[in-house]
Amino acid sequence: MTDDQAAEAIRDILTRAQWDLLVDYARGFKKDPGPQGYARFLRLHGAVEPAEASARLHAALSVHPLSADYPEVSDSNMDHGFAWSLAASNSPPDDWDEQLARHRAFVDALRAETGSPGWGQWQVLEVSGMPLGLWQGPAVEAGAQLSVNLPNLTGLPLRGAILAWACLAGLHAPEQDLSGADLAGALLTDSQLDGCDFTGADLRKADLSRSSLRGACFKDANLEGCDFEGCDLRGADLSGAQLRGALFTGARGVKR
């Protein structure tokens, strides 16, 4: 099989959108997922005969690989490939504005009770290779705290959004505009956020560990106490950001 034949075989099996998702899926594995990994991906995305298709896909990709460089996002047992693929397949919420309004009421009540910037934190568990956030902080009666694992927020208005102490573990939102957003204390671990714009955002004590943030912009953002451990920050811009207490253990491509 030639490279051109392999590329044609891949196009017969996958749509362009599926190809883009598969790239993220393989990146999360940090290597070739192999026939079983491809079969799981194809089942997830509605292939009629995933076993046969995965064998064809594996054979084609052995000649025409996804990428020669799968970034090592972390050394954890988190299955980033599967988590990111699953998050991307979820539909963005139809009631986003209502969820934001309820969460803002929660944030306002939490800050009124504990002071600014507020108090509380998330604990992250790995369950069957997926991130799961558990809130450890005051329970307030007003509003409703936003807590969604593996959400897809692509195409939603996020600029300046109040998402402090929200749980968005495994978030799929590449290339989104989060400039000026309030993400203090938010749980954003294991997320796909390549190319996002966090200019001027408040990320104090936010947890972005093990996330992919390639090409993201954090210019003039408040990153005090932010956790970037195990992140892929290649091409990210941290110029002008406040970095006191930020954690970068195991992060790749840190450029300040």
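The set of residues in the range 176-193 that are modelled with pLDDT of 95 or more and of a type in the set (D, E) comprises D177, D182.
Condition test on G160, is it assigned by TED's automatic domain parsing to the domain that holds L213 and modelled with pLDDT of 95 or more?
Yes: the conditions hold for G160.
Of the residues in the range 199-210, at least one is more than 23 Å from H80 (Cα to Cα), part of a strand (DSSP E or B) and among the charged types (D, E, K, R).
The combined condition, being more than 24 Å from R204 (Cα to Cα) and aliphatic (A, V, I, L, M), is fulfilled by A83.
A single entry from C217, C226 fulfils the requirement of being touching a strand residue (DSSP E or B) at 6+ places or on another chain (Cβ under 6 Å) and either closer than 22 Å to A144 by Cα or not polar (S, T, N, Q) (or both): C217.
Check the range 126-147 and report whether any residue there is within 27 Å of E113 (Cβ to Cβ), part of a loop (DSSP other than H, G, I, E, B), in contact (Cβ under 8 Å) with a residue 24 or more places away in the chain and under 17 Å from the mean Cα position of the chain (by Cα).
Looking through the range 126-147, at least one residue is within 27 Å of E113 (Cβ to Cβ), part of a loop (DSSP other than H, G, I, E, B), in contact (Cβ under 8 Å) with a residue 24 or more places away in the chain and under 17 Å from the mean Cα position of the chain (by Cα).
Residue by residue, here is whether (1) of a type in the set (A, V, I, L, M); (2) surrounded by fewer than 21 Cβ atoms within 10 Å (Cβ to Cβ) holds:
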| site | (1), (2) |
| --- | --- |
| H103 | no, no |
| V107 | yes, no |
| A112 | yes, yes |
| S128 | no, yes |
| W135 | no, yes |
| E141 | no, yes |
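Entry remark, the range 158-195: residues being farther than 15 Å from R214 by Cα, touching a residue at least 60 places away in the same chain (Cβ under 8 Å) and not hydrophobic (A, V, I, L, M, F, W, C) number 3 in total. The condition of being under 25 Å from G137 (Cα atoms), of a type in the set (K, R) and surrounded by 24 or more Cβ atoms within 10 Å (Cβ to Cβ) holds for only one of R204, R210, that being R210.
If you go through the range 206-223 and pick out every residue that is more than 17 Å from the chain's Cα centre (by Cα) and modelled with pLDDT under 95, you end up with 0.
The values are calculated or read from the model by the stated rules, or taken from the named source; none is laboratory data. Being a predicted model, the structure only gives us computed values, none of them experimental. When we count neighbours, we look across all protein chains shown, and the Cβ atoms used for this are built from the backbone with ideal geometry, even at glycine.
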